[in-house]
Amino acid sequence: MPVRTIRLIPSHAIQSKARGGAADGVAEISWAIRDDEDAKLPCGFGTWDEAVCEPKTLDYDEVILVLEGSFGVESSDGKRVEGKPGDVIELCKGTTVKYFGSKARLFFVTN
């Protein structure tokens, strides 16, 4: 496979789909660089509005930049953080989390 040095992902190539593990409300994910293409830094956008999320144990590190609304994460040990536009949330591999938010748009990177 050739080594990539630079590329553009046009906006029309970024498709939204329902996020698994969430019910009610809106929970969508839009991969810009998919996690199944052996990328070093998979990333994308998310939309979250009042969806109920099942707990999930992360098998990756994640950084989330809140773009609009409010978005938060609660860990299984009870720690809870909630970000507003411009805030960054860091999540560590192995942590069990539940996401929550209202009218949120976000950008995320996983590794």
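The values are calculated or read from the model by the stated rules, or taken from the named source; none is laboratory data. All values derive from a computational prediction rather than experimental measurement. All Cβ positions, glycine included, derive from the backbone under ideal geometry; neighbour counts span all protein chains shown. Keep in mind that these areas ignore ligands, DNA and RNA; they rest on the heavy atoms of the full protein, side chains included. Shrake-Rupley method; radii C 1.70, N 1.55, O 1.52, S 1.80 Å.
If I go through the stretch 53-71 residue by residue, how many of them are among the polar types (S, T, N, Q) and open to solvent by less than 20 Å² (accessible area, probe 1.4 Å)?
Count: 1.
Output the residues belonging to the stretch 45-60 that are closer than 19 Å to Ile33 by Cβ and within 11 Å of the chain's Cα centre (by Cα).
Our first condition is that a residue be closer than 19 Å to Ile33 by Cβ; within the stretch 45-60, this holds for 45-47, 58-60.
Phe45, Gly46, Thr47 - these are the residues of the stretch 45-60 that are closer than 19 Å to Ile33 by Cβ and within 11 Å of the chain's Cα centre (by Cα).
Counting just the residues of the stretch 72-111 that are of a type in the set (Lys, Arg) and closer than 22 Å to Arg34 by Cβ, which one comes out surrounded by the most Cβ atoms within 10 Å (Cβ to Cβ)?
Checking each candidate, the answer is Arg105.
Is it true that some residue in the stretch 38-52 is of a type in the set (Val, Ile, Thr), farther than 22 Å from Thr96 by Cβ and surrounded by fewer than 10 Cβ atoms within 10 Å (Cβ to Cβ)? First the steps, then the outcome.
Step one: of the stretch 38-52, the residues of a type in the set (Val, Ile, Thr) are 47, 52.
Checking which are farther than 22 Å from Thr96 by Cβ leaves us with 47.
After this cut, where a residue has to be surrounded by fewer than 10 Cβ atoms within 10 Å (Cβ to Cβ) as well, the list is none.
No, the stretch 38-52 has no match at all.
Within the stretch 6-28, is there a residue that is free of Cβ contacts under 8 Å to residues at least 24 places away in the same chain, open to solvent by 100 Å² or more (accessible area, probe 1.4 Å), of a type in the set (A, V, I, L, M, F, W, C) and not in a helix (DSSP H, G or I)?
Yes, some residue in the stretch 6-28 is free of Cβ contacts under 8 Å to residues at least 24 places away in the same chain, open to solvent by 100 Å² or more (accessible area, probe 1.4 Å), of a type in the set (A, V, I, L, M, F, W, C) and not in a helix (DSSP H, G or I).
Please specify each residue of the stretch 71-111 satisfying the condition of being touching a residue at least 24 places away in the same chain (Cβ under 8 Å) and of a type in the set (Lys, Arg).
Of all residues in the stretch 71-111, those touching a residue at least 24 places away in the same chain (Cβ under 8 Å) come to 71-74, 88-111.
Scanning the stretch 71-111 gives Lys93, Lys98, Lys103, Arg105.
Quick grid of which residues meet (1) assigned to a loop (DSSP other than H, G, I, E, B); (2) closer than 19 Å to Ile9 by Cα:
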| position | (1), (2) |
| --- | --- |
| Asp49 | no, no |
| Asp59 | yes, no |
| Ser70 | no, no |
| Asp77 | yes, no |
| Pro85 | yes, no |
| Glu90 | no, no |
| Gly101 | no, no |
| Phe108 | no, yes |
